[in-house]
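Presented below is the structure to which this report refers.
The values are calculated or read from the model by the stated rules, or taken from the named source; none is laboratory data. Being a predicted model, the structure only gives us computed values, none of them experimental. Please note: Cβ atoms are built from the backbone with ideal geometry, for glycine as well, and neighbour counts cover all protein chains shown.
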Amino acid sequence: MLLIHPVMQAAGILLVLAAFATGLQRVRSHHLKQKVRFPWKLHVLVGRVAMVSLLTGAAVGFGMVRYSWGESFMTMGHGVTGMVILPFLLFGLASGNLLDRKKGQHPVLRVLHGLSNAVLLLLLINQARTGLEVYRLFLTGL
């Protein structure tokens, strides 16, 4: 049961990496003028599933900590970083939905969407690192 959170988050991070890779195709084609195909529909699908998976996984993790330890931020840096990540997840999901609905519009939002999600990816990598530490502490009886 306790593995639900890390498994969901690991899957979400892998999906973010896939969405990031397809997003780089957009950067290459639009900004670097290279002849590459941007798989728009795949990028949108993978990005949405990744964001929803991460949001759901975060809620599960928060609930697990409350249930297991009776406190919300017992995991210290891991929980706090999770709260910092939340606005990036919400912005990535909302801006991605807007960009998908109004294709070809909002050039500034496209850049902000990409930059925000690049920062999100870095935060998620750190979150995975701290999550492994929390898991190790949990196994040893915190």
Worksheet item: residue 81 fails exactly one of the following numbered conditions: (1) surrounded by fewer than 16 Cβ atoms within 10 Å (Cβ to Cβ); (2) assigned to a helix (DSSP H, G or I). What is the number of that condition?
Response: (1)
Discussion item. If residue 76 satisfies all but one of (1) of a type outside the set (Phe, Trp, Tyr); (2) touching a residue at least 24 places away in the same chain (Cβ under 8 Å); (3) over 23 Å from residue 19 (Cα atoms), what's the number of the condition it fails?
Written reply: (2)
Item to complete: Identify, from the list 58, 118, 128, the residue that is at pLDDT 85 or above, buried (at least 17 other Cβ atoms within 10 Å of the Cβ), closer than 21 Å to residue 19 by Cβ and aliphatic (A, V, I, L, M).
Response: 58
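Report whether or not residue 65 is assigned to a helix (DSSP H, G or I) and within 15 Å of residue 134 (Cα to Cα). Spell out the reasoning first.
Numbers: assigned to a helix (DSSP H, G or I): yes; within 15 Å of residue 134 (Cα to Cα): yes.
So residue 65 passes the test.
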Item to complete: Please state which of the following conditions residue 96 fails to meet, knowing it meets all the rest: (1) within 18 Å of the chain's Cα centre (by Cα); (2) modelled with pLDDT under 95.
Response: (2)
Fill in: Index of the failed condition, residue 91 passing every other in (1) touching a Ser or Thr at 6+ places or on another chain (Cβ under 8 Å); (2) over 30 Å from residue 30 (Cβ atoms)
(2)
